[in-house]
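Student: I'd like to ask some things about the structure below.
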Ligand SMILES: [Zn+2]
Ligand SMILES: [Zn+2]
């Protein structure tokens, strides 16, 4: 069931770092946590979880930043926050979907840390969690996203 129109290409704002996604995503999320508010300079961050072996850096060398337990990758030239490797869960990468050249189709399927969200911040996510889903919840969420998740539109 490969209607994701892969591969996807993308990059940071200045173009020094380029990436390519070659495997279907697992889940799409918005995170309202205060750390994401700081790092995104916005109300929430957006993530698309992709299997680790389905993401490659095709140009440039991202650098580490964003103090937290997870490992965040940035473009050194324009400081764009590009993707995150969650510590202890190295089978996927959380890519910021707005890095993708074509991302107008993106829609979060879940939202996390709703307990920390700005009062007015709303997303179209179908599933909302006060913090993060419990580990056993991930598999049904991934299955549901595979079936229902928003895809890149026909062009
Ligand atoms: Zn850049
Ligand atoms: Zn967060």
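Student: Between segment 113-155 and segment 1-67, how far is it from one alpha carbon centroid to the other, in angstrom?
Tutor: 16 Å
Student: Over segment 32-82, what portion of Cα pair distances is larger than 15 Å, expressed as a whole percent?
Tutor: Considering segment 32-82, 55 percent of its Cα-Cα pairs are separated by more than 15 Å.
Student: In whole angstrom, how long is each semi-axis of the equivalent ellipsoid of the chain, when you take the square root of 5 times every eigenvalue of its Cα gyration tensor and sort them from largest down? List each step's numbers first, then the result.
Tutor: Details: eigenvalues 95, 78, 44 Å².
Calculated on Cα positions only, the semi-axes equal 22, 20, 15 Å.
Student: Okay, moving on. When N is the residue count of segment 1-56, what does its C-alpha Rg come to as a fraction of 2.2 N^0.38 Å? Display every interim value, and only then the final one.
Tutor: Details: Rg = 13.2 Å, N = 56, 2.2 N^0.38 = 10.2 Å.
Rg over 2.2 N^0.38 Å, computed on Cα atoms: 1.30.
Student: Rank by packing, highest mean first: peptides 137-150, 13-26, with packing defined as the count of other Cβ atoms within 10 Å averaged across residues.
Tutor: 13-26, 137-150
Student: Provide the packing ranking of 72-80, 112-120, i.e. peptides ordered by the mean count of other C-beta atoms within 10 Å per residue, highest first.
Tutor: 72-80, 112-120
A short reminder: the numbers here are calculations on the coordinates, not readings from a lab. Note that this is a predicted model, so its numbers are computed, not measured. Reconstructed Cβ throughout: ideal geometry from the backbone, glycine too, with neighbour counts over all protein chains shown.
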